[in-house]
Amino acid sequence: IGAEQASAPQPVIQFVDKAGYTELHLCGYSRVGNMHQVSGLFFSHHIDVREALIYTKRDTNVAVDIYRLVHQPPHLRDSKPVALDEYLKQELTQEIRELMNQQVTLNEIFTRHHTQTKQQWTVYEVKVNGASHKNYSEIVVKGEEKIGFLYFFSGILAELGLNIEMCKCSGLGAKITNHFYLTPFASPEFVHQQIMERLKM
């Protein structure tokens, strides 16, 4: 194991049960693709992200992520979504650590859980603001409320090399509205074009 990987601190993971859902608190170093990997892990377990918040402290590059989660496995699709059980929490904890420490890839996680990734998610609107906040560029996306949407769209941002420093994502009701605040980029028009091209594919 390389010295950098060996000395890297373990992410701090905490689950808090609420009325009807489970809140996951995740603390670790910010890097491009973190949200895509973690939300992909949720997708592989049929976990819906009802709300997601990220805050990154720039002087330390430490990010605190909060995910509000419900479990809705396919064989209980018509039932009311429920909070995560203890077995699922333990499995998520192990796999988050594996992903963050680069011991396993997201594709290997999908293979492990027989996840069908060839699905479609509907995007209604994408807005890209280069200077909506002095220290951030902003992307606002509205889309269909469907398990895996956060994994899908954050994957596009990761592919473009955009780092999510803060976000506020809400998925209650039939429509999702996600606000991503990213490390500043120079050309909002170019980023918007790149996103739209990937959505067409």
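Some notes on this structure:
- Hey, His75 of a type outside the set (Ser, Thr, Tyr), open to solvent by 90 Å² or more (accessible area, probe 1.4 Å) and on the phi > 0 side of the Ramachandran plot or not: no
- Residue that is modelled with the lowest pLDDT [pool: residues in the stretch 52-64 that are farther than 25 Å from Asn107 by Cβ and either acidic (Asp, Glu) or open to solvent by less than 40 Å² (accessible area, probe 1.4 Å) (or both)]: Asp59
- In the stretch 151-176, the residues that are free of Cβ contacts under 8 Å to residues at least 40 places away in the same chain and of a type in the set (Asp, Glu): Glu159
- Tyr151 being surrounded by 15 or more Cβ atoms within 10 Å (Cβ to Cβ), at pLDDT 90 or above and hydroxyl-bearing (Ser, Thr, Tyr): yes
- Residue in the stretch 96-106 that is touching a residue at least 40 places away in the same chain (Cβ under 8 Å), of a type in the set (D, E, K, R) and open to solvent by less than 20 Å² (accessible area, probe 1.4 Å) present: no
- Thr105 modelled with pLDDT under 90 and closer than 23 Å to Arg31 by Cβ: no
- Candidates Val38, Val49, filtered to the one that is buried (at least 16 other Cβ atoms within 10 Å of the Cβ) and at pLDDT below 95: Val49
- The number of residues in the stretch 13-34 that are among the aliphatic types (A, V, I, L, M) and modelled with pLDDT of 95 or more comes to 4.
- Only residues that are under 24 Å from Gly143 (Cβ atoms) and either over 18 Å from the mean Cα position of the chain (by Cα) or free of Cβ contacts under 8 Å to residues at least 60 places away in the same chain (or both) were counted in the stretch 51-75, giving 9.
- Selection count, the stretch 168-180, where residues are in contact with a Leu (Cβ under 7 Å, 6 or more places away or on another chain) and more than 25 Å from Lys80 (Cβ to Cβ): 2
The values are calculated or read from the model by the stated rules, or taken from the named source; none is laboratory data. Everything numeric here is computed off the predicted structure, so don't read it as measured data. Ideal geometry is used to build each Cβ from the backbone, glycine not excepted, and the neighbour counts take in all protein chains shown. Just the protein is used for accessible areas: all its heavy atoms, side chains included, with ligands, DNA and RNA removed. Shrake-Rupley method; radii C 1.70, N 1.55, O 1.52, S 1.80 Å.
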